[in-house]
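**Q** Following this message is one structure expressed as structure tokens.
No lab work stands behind these numbers, since they all come straight from the coordinates. Predicted model only: the values in this text are computed from it and were never measured. Cβ atoms come from the backbone with ideal geometry, glycine included; neighbour counts cover every protein chain shown.
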Amino acid sequence: MSVARASAPVSAPPADTGLRLSDWIGRQESMQGCVPPSVAGTIHATLGQSDDAAPVEGEALPPLWHWYAFPPAVPMDGLAEDGHPRLGGFLPPVPRSRRMWASGQLEFYADLRVGERMDKSSTITAVEEKSGAAGPMVFVVVEHELRGAAGLAVRETQSIVYLPFAPTFKPPPKRPAPTENLVIDRHQPVSTALLFRYSAITFNAHRIHYDLPYARDVEHYPGLVVHGPLQANLLIAQAMRWKGRRPDSFSFRGVHPMFHDSDLRLCATHGAGGSLDMCTVAAAGHMGMTATADWED
């Protein structure tokens with residue numbers, strides 16, 4: 001799989017120590033990527049149902065599989081201790097140690113296909129400093145546009161949150177999952193093998209997903225963390241099975257960390273206008289991620 005990158009900053013980052021994170025607003029990056037059949041096979045082996053065949057050359061990619069067309073090919077000496085690429089570059093060097101994908105909103109206009117070239121343009125549209133229960137936070141919002149042979153295929157807004165390391169794990173309040181009028185209620189096994197494979201197909205070396213001593217002793221989680229994008233992918237796959245086609249829009253938000261020491265449930269109820277209100281659910285009954293899948297008709 002070949003990926004080309006080209007960054008085009010609208011305003012150059014400051015060279016002195018008077019760092020202003022707002023200088024990264026407007027920063028742009030362009031990339032080209034592809035999901036060839038061999039990679040589609042490994043994604044399907046990780047995320048797909050055993051009774052379904054992997055998509056082959058020229059067939060439509062399932063929604064969200066464009067995430068696997070642009071692996072962050074950072075050399076080993078470019079990784080920080082946590083396994084993430086070192087701060088700086090396209091994303092701002094936020095002086096916080098913990099980085100997470102907080103939420104996403106996507107609109108789908110056309111299918112992307114196995115084996116075709118994809119062009120992605122990304123722009124940082126906001127950098128906001130806030131304070132919450134976990135301490136000072138910085139939110140970075142990135143807008144992406146994905147194009148394939150059929151033109152604009154996906155418009156995506158990604159929100160990334162930066163947090164300081166905490167001396168102990170202080171989870172957010174638990175939000176109980178719905179228990180009535182469920183139209184989807186599916187058990188989802190979560191194993192260390194699944195977390196490892198998902199890290200592999202995303203080329204994500206963040207150690208909280210596969211290195212249990214690091215996750216417990218350094219970032220103070222009680223177990224390995226289930227990737228947010230993995231949960232989103234599992235939910236949208238259930239939405240497709242329920243409706244018979246991909247949604248026209250999909251949004252998701254992490255509301256509580258989920259861990260590998262208990263399996264998940266994938267649940268949904270009817271939402272407004274024919275949409276689905278979805279969530280992942282921990283064994284204790286609280287939600288880990290909320291999501292909405294919507295169809296225009």
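**Q** In region 76-180, what GluC sites (Glu not before Pro) fall in a loop by DSSP, with at most 14 other Cβ atoms inside 10 Å?
**A** Of the GluC sites (Glu not before Pro), the ones in loops of region 76-180 whose Cβ has at most 14 other Cβ atoms within 10 Å are GLU81, GLU180.
**Q** Just how large is the dipole of the chain about the Cα centre, in debye to the nearest 20, putting +1 at every Lys and Arg Cβ and -1 at every Asp and Glu Cβ?
**A** On the way: 26 positive and 31 negative charges, 92 e Å.
Computed about the Cα centre, the dipole is about 440 debye.
**Q** When a footprinting reagent is the concern and you count Cβ atoms within 10 Å, what order do MET118, MET137 take, fewest first? Walk me through the intermediate numbers first.
**A** Numbers: MET118 22, MET137 19.
Starting with the residue having the fewest Cβ neighbours, the order is MET137, MET118.
**Q** Considering only the other residues whose Cβ falls under 15 Å of the Cβ of HIS187, what net charge follows from Lys and Arg at +1 and Asp and Glu at -1? Numbers along the way, then the final one.
**A** Details: positive: ARG186, ARG241, ARG265; negative: ASP185, ASP263.
Result for the neighbourhood of HIS187: +1.
**Q** Hey, another quick one. Taking only Cα atoms and a 10 Å spring cutoff, compute GNM fluctuations for the chain and point out the largest among GLY273, GLY58, GLY254.
**A** For the chain, modelled as a Gaussian network with Cα springs under 10 Å, the answer is GLY273.
**Q** Let me ask another. For a Förster distance of 25 Å, can you work out the FRET efficiency between the beta-carbons of ALA110 and ALA200, rounded to the nearest 0.05?
**A** Step by step, r from the Cβ atoms, then E = 0.30.
**Q** Taking amide H positions as placed 1.01 Å from N in the peptide plane, with prolines and chain starts having none, which residues 5 or more places from ALA80, or on another chain, fall under 5 Å of its amide H?
**A** Hits under the 5 Å cutoff: ARG86.
**Q** In nanometres, what is the gap between the two model label sites at SER121 and ASP77, each 7 Å from Cα along Cα-to-Cβ?
**A** 3.5 nm
**Q** Could you list HIS260, HIS270 so that the one with the fewest beta carbons within 10 Å of its beta carbon is first and the one with the most is last?
**A** HIS270, HIS260
**Q** Among ASP277, ASP51, ASP217, determine the one that fluctuates most according to a GNM of the chain built with springs between C-alpha atoms less than 10 Å apart.
**A** Per the Cα network of the chain with a 10 Å cutoff, ASP51 tops the list.
**Q** Just flag the trypsin sites (Lys or Arg not before Pro) in region 193-270 sitting in loop per DSSP whose Cβ has no more than 13 other Cβ atoms within 10 Å. Show your work: numbers first, answer last.
**A** Numbers: sites: ARG197, ARG207, ARG216, ARG241, LYS243, ARG245, ARG253, ARG265; in loops: ARG245.
Answer in residue order: ARG245.
**Q** Within 10 Å of each residue's Cβ, count the other Cβ atoms and sort LYS130, LYS120, LYS174 from fewest upward.
**A** Working: LYS130 9, LYS120 20, LYS174 14.
Ascending number of Cβ neighbours within 10 Å: LYS130, LYS174, LYS120.
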